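The values are calculated or read from the model by the stated rules, or taken from the named source; none is laboratory data. As the structure is a computational prediction, the values presented were derived from the model and not from experiment. Cβ atoms come from the backbone with ideal geometry, glycine included; neighbour counts cover every protein chain shown.
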Amino acid sequence: MTNAKISPFVAIARSIGAEVAGVHATAVDRDARFPSESIKALKEHRMLSAYVPKSLGGGGATLGELVLACEALSQHCTSTAMIFAMHQIQVISILRHASDSPWFLEYIRDLVANQNLIASVTSEVGVGGEMRSSVCGLQWEGQSFKLIKHATTISYGAQADDLLVTSRCTPDGPASDQVLSLVRKADYTLEQQGVWDTMGMRGTCSPPFKLTATGKKDQVISTPFAAIASETMVPVSHLLWAGCWLGIAGAAVNKARAFVRMQGRARPGSIPPTALRLAEVASELHMLRASVDSVLREYEYLIAAEGGSADELSSMPYALKINNLKVAGSRKLPEIVSQALLICGIMGYKNDSKFSMSRHLRDAHSGALMVGNDRILATNSSMLLVLKDE
């Protein structure tokens, strides 16, 4: 994940993070508003099609570059980074599982030209947070469908251009017999069912909605959602989210480092007592980065491998590995930020201080709740009971 030469995508993300996202981050957090300035800048630099192959007009970025871009944005505004990450998850899912569809190929070209922002609608009232189960189903009339879905959250739903939605194949089908459909802005309506007034990640604007949509058969990805989830959506989500978490941790450690340096300048020739804690927290950040890098490299190897990669990505050992990255990373993140807060002391506790850790700490706690860790650990425990010893 580390590169001697910074890629242009990462350079753009760093620039937008520092010059746009960081400037508006306080207002975005305070008002729980969409980071419109940052997303506009990402669109202007054609970052929403960064992962699309050059043959289709996109930037041809790698997943590793997207992880680094998420990290760069998250150092300044985690809501911006998370919106960028969630959009890229949808793009990658389409590219990996619908690239043989003429309709979706045309859609990708439209995305490149117009920088459409795609949101995900996987949550639903009545499934208890289980992404691999749906209540709603596609109601078919010939080659056309209608869909009504009550989503517990749709991040940036009101600001999205298009939606990628999970549902049953038919209303009477099994809850786990799911498909993924892309619905266009002109063909759906959203009725907001609540508010988004949260402790952190306030700029993602993720209230509950009632979605009513129509579409054609061509807009339904033929690959079953179970395969899309295990091979692409889950591992890519955990890796890009981890990039966002690295950005939060890095920003907190950078503030702690600046604070210790300030203490050192106040007493030349002496090492501040907080320097020891700084060394400890820098080590924790390094280990978190190393674990993300390791899982990323393996995933990039698997998706590039000829044959057999789908079976391995869908296997229980791999599911455990990618789930453990999410659980361990989301647990470690608040610990790192809390350690940085202790280094900065009251200056990190004050909201009006340049060393303030408030937003970093509040955003950090979202990691354990986005697909709850308890749910993931329950899934892991079931797999461990039947998995043969290594």
For this session: Select from segment 176-200 the residues that are under 15 Å from Ala227 (Cα atoms) and without any contact (Cβ under 8 Å) to a residue 60 or more places away in the chain and write down the one among them that is surrounded by the fewest Cβ atoms within 10 Å (Cβ to Cβ).
Result: Ser176
For this session: Could you check how many residues of segment 107-136 are surrounded by fewer than 16 Cβ atoms within 10 Å (Cβ to Cβ) and closer than 26 Å to Glu300 by Cα?
Result: 1
Exercise. Out of the residues in segment 328-348 that are farther than 16 Å from Met262 by Cβ and of a type outside the set (A, V, I, L, M), which is surrounded by the most Cβ atoms within 10 Å (Cβ to Cβ)?
Worked result: Ser330
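Does Gly367 satisfy being in a helix (DSSP H, G or I), in contact (Cβ under 8 Å) with a residue 40 or more places away in the chain and surrounded by 16 or more Cβ atoms within 10 Å (Cβ to Cβ)?
Details: in a helix (DSSP H, G or I): no; in contact (Cβ under 8 Å) with a residue 40 or more places away in the chain: yes; surrounded by 16 or more Cβ atoms within 10 Å (Cβ to Cβ): yes.
For Gly367, the condition - in a helix (DSSP H, G or I), in contact (Cβ under 8 Å) with a residue 40 or more places away in the chain and surrounded by 16 or more Cβ atoms within 10 Å (Cβ to Cβ) - is not met.
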For this session: Test Ala310 against the criterion of being in contact (Cβ under 8 Å) with a residue 40 or more places away in the chain, more than 20 Å from Gly129 (Cα to Cα) and out of contact with any Lys or Arg (no Cβ under 8 Å at 6 or more places or on another chain), and give yes or no.
Result: yes
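Kindly establish whether Leu68 is part of a helix (DSSP H, G or I) and either touching a helix residue (DSSP H, G or I) at 6+ places or on another chain (Cβ under 6 Å) or surrounded by fewer than 17 Cβ atoms within 10 Å (Cβ to Cβ) (or both).
Considered against the rule, which asks whether it is part of a helix (DSSP H, G or I) and either touching a helix residue (DSSP H, G or I) at 6+ places or on another chain (Cβ under 6 Å) or surrounded by fewer than 17 Cβ atoms within 10 Å (Cβ to Cβ) (or both), Leu68 comes out as yes.
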Exercise. Among Val236, Val260, which is the only one that is under 30 Å from Thr166 (Cα atoms), assigned by TED's automatic domain parsing to the domain that holds Leu377 and of a type in the set (Val, Ile, Thr)?
Worked result: Val236
For this session: Tell me, please, whether a residue that is modelled with pLDDT of 95 or more and either assigned by TED's automatic domain parsing to the domain that holds Gly64 or part of a loop (DSSP other than H, G, I, E, B) (or both) can be found in segment 312-331.
Result: no
For this session: Could you tell me whether Phe9 is in a loop (DSSP other than H, G, I, E, B) and either touching a residue at least 40 places away in the same chain (Cβ under 8 Å) or not assigned by TED's automatic domain parsing to the domain that holds Phe104 (or both)?
Result: no
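Looking at this structure, is Ser181 assigned to a loop (DSSP other than H, G, I, E, B) and at pLDDT 95 or above?
Working: assigned to a loop (DSSP other than H, G, I, E, B): no; at pLDDT 95 or above: yes.
Answer is no for this residue.
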